[in-house]
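Readers should treat all values here as calculations from the given coordinates under stated rules, not as data from a laboratory. Owing to the predicted nature of the structure, the values given are computational and were not obtained by experimental measurement. Cβ placement follows ideal geometry from the backbone for every residue including glycine, while neighbour counts extend to all protein chains displayed.
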Amino acid sequence: MANARIRPIAICAFRHGDRILVVEGHDSAQAQTFYRPLGGGIEFGETGAMALIREIREEIGAEVSNLQYLGTLENIFTYNGAAHHEIVLVYDGKFADATLYSTSFITGAESDGSAMRALWRSIESFSPQSPLYPDGLLDLLRLRQP
């Protein structure tokens, strides 16, 4: 556990009707497909909102507006066999380019340069077999309806 640390991140649900924008991930150690909103690490000197604006630009080249803080979640999990711990600032927001809401998916790149694809999914489509992470996010979104 020499590299153990708590990582602060910010994510944005980008709610549109009953859908949110998520990236599909896969944990090969647990043989599980899961979903998670866009976002990423908060760098020293950045606010959560600033980090989110930067991350969305970097990941999908889009501009965001009207960021609304929804809450904070603590996320302790195992991914591909390694333990992780995050403090997650959760936001809702709007895209400056309204055409992004009419697409079925948005392509982009992860921080390591690998291709990624974000897709719109109904909040009701998540289940234990296809979970939405971080834990507690579904409850937070239901509690903080627009």
ask   = If you take every DSSP beta bridge whose two residues both sit in the chain, what share of them, in percent to the nearest 5, is antiparallel?
value = 85 percent
query = How much FRET efficiency would the formula 1/(1 + (r/R0)^6) give for His26 and Ser122, where r is the Cβ-Cβ distance and R0 is 22 Å, rounded to 0.05?
reply = 0.60
inquiry  = 5 Å is the cut-off here: which amide hydrogens, built 1.01 Å from N in the peptide plane, fall below it relative to Arg15, excluding neighbours closer than 5 in sequence?
reply    = Gly93
message = Apply the Karplus curve 6.51 cos²θ - 1.76 cosθ + 1.60, θ = phi - 60°, to the phi angles in segment 76-93 and return the couplings in whole Hz, x for Gly and Pro.
response = 10, 8, 10, 10, 6, x, 10, 7, 9, 9, 10, 9, 10, 8, 9, 10, 10, x
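Given only helices, namely DSSP H runs of n ≥ 4 each adding -39500 (n - 2.57), what is the per-residue ellipticity at 222 nm of the chain, to the nearest 500 deg cm²/dmol?
It lands at -4000 deg cm²/dmol.
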query = So what's the net charge close to Gly108: Lys and Arg +1, Asp and Glu -1, counting the other residues with Cβ under 11 Å from its Cβ?
reply = -2
ask   = Out of (1) 187; (2) 106; (3) 115, which label holds the value of volume of the Cα convex hull per residue in Å³ that was computed here?
value = (3)
key: Global geometry of segment 67-122, whether rounded, prolate or oblate, following the gyration tensor of its Cα atoms and the 1.5 cut on a/c   = oblate
query = Over the chain, what relative contact order in percent results from Cα pairs under 8 Å that are six or more residues apart?
reply = 30 percent
task = Report the residues of segment 19-39 in range of a label on Tyr79: point 7 Å along Cα→C-beta, backbone N strictly under 15 Å from it.
result = 22-39
remark   = Scoring only Lys, Arg, Asp and Glu (+1, +1, -1, -1) among other residues with Cβ under 14 Å from the Cβ of Arg144 yields 0
